[in-house]
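Visitor: Encoded as structure tokens, here's the structure I'll be asking about.
The values are calculated or read from the model by the stated rules, or taken from the named source; none is laboratory data. What you see is a predicted model; the values in this text were computed from it and never measured. Here the Cβ positions follow ideal geometry from the backbone for every residue, glycine too, while neighbour counts run over all protein chains shown.
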Amino acid sequence: MTIPPLPAPGSPLEHYVSGKPFDPKSIERLSPAQERVYLASQWRLMWWKFLRHRIAVVSGVFLAVLYASILFCEFLAPYHYQTRNIDRIYAPPQSVHLFHNGRFVGPFVYGQTYTLNMTTLKREYTRDTEAVYPIRFFCRGDSYKFWGLFESDVHLICPAKGGTLFLLGTDRLGRDVLSRIIYGARVSLTIGLLGVTISFFLGLIFGGLAGYYGGVVDLVIQRIIEVLQSLPTIPLWLALAAIMPVTWSPMVVYFAITLILGLIDWTGLARAVRSKLLSLREEDYVLAAQLMGASPVRIISRHLVPGFMSHLIASATLAIPSMILGETALSFLGLGLRPPITSWGVLLTEAQNINIVALYPWLLAPAIPVILVVLAFNFLGDGLRDAADPYK
Amino acid sequence: MLLYIVRRILIMIPTLLLTSALVFTIMELPPGDYFESYMAELQAQGEGVDKAKVEFLRREYGFDKHPVERYVIWLTGMLQGDFGYSFEYQMPVADLVGSRIFLTVLVSFATILLTWIIAFPIGIYSATHQYSWGDYGLTFLGLLGIAVPNFLLALILMYLANVWFGTSIGHLMAPEYIDQPMSWGKFVSILSHMWIPVIVIGLAGTASMIRKIRANLLDELQKQYTVTAKAKGLHPFKALVKYPLRSSLNFFIGGIGGILPEVVSGAEIVAIVLSLETTGPLLIKALQSQDMYLAGSFLMFLALLTVIGVLISDIALAFLDPRIRLQGKSTR
């Protein structure tokens, strides 16, 4: 083998140049599907990853339906939540049937006959299998003020004329439990959302300040967080709820309670924001922004927050259920919302003692939506958290 | 190390001062004071109210002084071991709380133990069998434990216990032992009544503990040293318990400080439903009736326990995990 002679010094080197047009992907071809993934934006990737988490998607849809329903609860509920049926106190649930004596009549309920047992003084309801009350749909029933604006009396379902329709029984004033649950969703579902919004902003502001500035600011905010976390939450809620004057209108109490829930909940989020900021602010792109003279507000809001926004949303979602449960706990102790405002917590105060569990177990029904919503938020939060880091 | 401990203890002082100020402010915020609600109650019962007597009481307890002055008196009193006087029970706070603290500690410890005993095996199983049906089922059960409001669970369990076992409803002991001195019979009675509160209070904590163990262990199991250990043929038990589990326990040690307020605050409502003789109902009642020294001193006591707990878990972390640095500044 002979080594070719080196070219003379100064003369151009000979080398091979392909005449084909340049194609950087010639070695490794991307399929259209792969290309779609590689070119997708971060939010799109998160969306795809979220869709893979089936239970989270189902929970999300379930919650969306529930939140949509609170817009139309007057229409969906068969009765108005304050309609009293004095002759139907503590009536047990009526179940829906389709066939009467082997004949199809569509959804209907049997009537109830009510007798007062004079020896035990117990109200006894027996099913009257002769009285058939077909359920009416898109019908006229109790009148209500839709969104407090205009008068209407159209309902999705109503009892037959002269009959009753208590699918989940009635309470001590003969009010339909199902209707009250539907109305109660309005308060119970929004209280968590508003509370989390408040704690979200507080956590973002305080955590942002502590994480970005560090030093004394960090030290003070850390101490405040430590103090708030060293006190058990329920006494704190109680103490704050006790401040509210009795004279406040229920609406003001409602907002005050969301504020209380938010004021105590922000510490966890603030910690998360702080630790994220502490690691992110060392990145080169932050230094670059600082050198270009960007203000701290701009650096935090434009460059740092988007980096962990998805994580924040996931943890905020996981914080909502604790607020919903917090409201039930406060109401249970008689320090939360008060009638005439109806929430699931207020409804559960009716089921406070063991006699109720033994005699009128249907009054525990408001617990079912509470449990379902809390579960759904947990699954949704899990899915969001998994999706928050789509590159993993 | 010593320097670190000293610094941590010094940091506790401003934290506790801040807490005391916050607690006092919260106690002060509701309009009126205990005597006003006391007067209103007497009037509601149709009894005559001696204004002079109320004024005298107010002066006696220092309620005519400026709040800041009272705060200083309260604080210095606590430093000397004087926790104030409960108006409602006409007893020094220390005696009142002291008589109930034993049962609270007993219930809390049993709860914490139960939480760990249940949560660890389940958490480890879920992590090692990720996405299996067992994992899904146990995760769902755990979430259910979080989702059910615990006062409701207490009610239902109480009802079932009464129907099935005929256990007397509520309380921590059979009725004949209440207000009796401690004896063997009383102790046995307490143990046989304790399972309902322990299960109810521990459920939510167990559920969140399972999730944390699962998440932390999963992180470790994906690391390369675990893969290497398995590839080398290390005994599966060692490759799970000795290395990954041990290093995933940081969260657990770090969380010890926070357990106490969690257990106590979860226990209050349950304790009210079950009418337990623990400190929870006492605190709630004190807050409701503005019995401010009882509520305030008790909250401070809880805060102190928490701060000490956090201190202990920080020191334990620094001891147990050589990766944790004491120099405060993170690596830049």
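Visitor: Considering only region A:166-177, state which residues are over 18 Å from residue A:111 (Cβ atoms) and either in a loop (DSSP other than H, G, I, E, B) or out of contact with any helix residue (DSSP H, G or I) (no Cβ under 7 Å at 6 or more places or on another chain) (or both).
Guide: Matches in region A:166-177: A:171, A:172, A:173, A:175.
Visitor: Is it true that some residue in region B:124-143 is of a type in the set (A, V, I, L, M), outside any helix (DSSP H, G or I) and within 13 Å of another protein chain (Cβ to nearest Cβ)?
Guide: no
Visitor: Let me ask something else. Residue A:206 - would you say it is modelled with pLDDT of 80 or more, assigned to a helix (DSSP H, G or I), more than 20 Å from the chain's Cα centre (by Cα) and of a type in the set (Phe, Trp, Tyr)?
Guide: yes
Visitor: I'd like to know if region A:277-292 contains one or more residues that are of a type in the set (Lys, Arg) and within 12 Å of chain B (Cβ to nearest Cβ).
Guide: For region A:277-292, residues of a type in the set (Lys, Arg) and within 12 Å of chain B (Cβ to nearest Cβ): present.
Visitor: If you check A:278, A:312, A:330, A:348, which single one turns out to be surrounded by 20 or more Cβ atoms within 10 Å (Cβ to Cβ) and touching a residue at least 60 places away in the same chain (Cβ under 8 Å)?
Guide: A:330
Visitor: Those residues that are assigned to a helix (DSSP H, G or I) and over 21 Å from the mean Cα position of the chain (by Cα), I need them from region A:372-392; list them, please.
Guide: none
Visitor: A further question on this structure: Scanning for something at pLDDT below 85, farther than 20 Å from residue B:117 by Cα and not in a helix (DSSP H, G or I), does region B:210-222 turn up at least one residue?
Guide: Taking every residue of region B:210-222 in turn, at least one turns out to be at pLDDT below 85, farther than 20 Å from residue B:117 by Cα and not in a helix (DSSP H, G or I).
Visitor: Next up: Can you name every residue in region B:144-169 that is at the interface with chain A (Cβ under 8 Å from one of its Cβ atoms) and at pLDDT below 70?
Guide: B:169
Visitor: Oh, and also: Which of the residues that make up region B:75-110 are closer than 26 Å to residue B:14 by Cα and surrounded by fewer than 13 Cβ atoms within 10 Å (Cβ to Cβ)?
Guide: Of everything in region B:75-110, those that are closer than 26 Å to residue B:14 by Cα and surrounded by fewer than 13 Cβ atoms within 10 Å (Cβ to Cβ) turn out to be B:76, B:79, B:80, B:81.
Visitor: Further question on the same structure: Looking for whichever is within 30 Å of residue A:296 (Cα to Cα), among the β-branched types (Val, Ile, Thr) and touching a residue at least 60 places away in the same chain (Cβ under 8 Å) here; the options are A:221, A:234, A:191, A:198. Which one fits?
Guide: A:198
Visitor: Same structure, new question: Kindly list, by first and then second residue, each pair from a residue in region A:59-75 that is in a helix (DSSP H, G or I) to a residue that is exposed (fewer than 12 other Cβ atoms within 10 Å of the Cβ), limited to pairs with Cβ atoms under 7 Å and residues at least 6 apart or on different chains.
Guide: Qualifying pairs under 7 Å: none.
Visitor: Right, next: Considering each residue of region A:303-339, count those that are away from chain B (no Cβ under 14 Å) and not in a helix (DSSP H, G or I), and give that number.
Guide: 3
Visitor: All but one of (1) closer than 21 Å to residue A:321 by Cα; (2) buried (at least 16 other Cβ atoms within 10 Å of the Cβ) hold for residue B:135; state the number of the condition that does not hold.
Guide: Condition (1) is where residue B:135 drops out.
Visitor: For region A:340-371, give me each residue that is part of a helix (DSSP H, G or I), more than 8 Å from chain B (Cβ to nearest Cβ) and under 16 Å from the mean Cα position of the chain (by Cα).
Guide: Within region A:340-371, A:344, A:345, A:368, A:369 meet the criteria.
Visitor: Filter region A:211-269 for residues that are over 30 Å from residue B:108 (Cα atoms) and not in a helix (DSSP H, G or I); which is nearest to the other protein chains (Cβ to nearest Cβ)?
Guide: Here the answer is A:245.
Visitor: Can you give me the number of residues within region A:269-326 that are small (Gly, Ala, Ser) and more than 20 Å from residue A:213 (Cβ to Cβ)?
Guide: Within region A:269-326, residues that are small (Gly, Ala, Ser) and more than 20 Å from residue A:213 (Cβ to Cβ) number 7.
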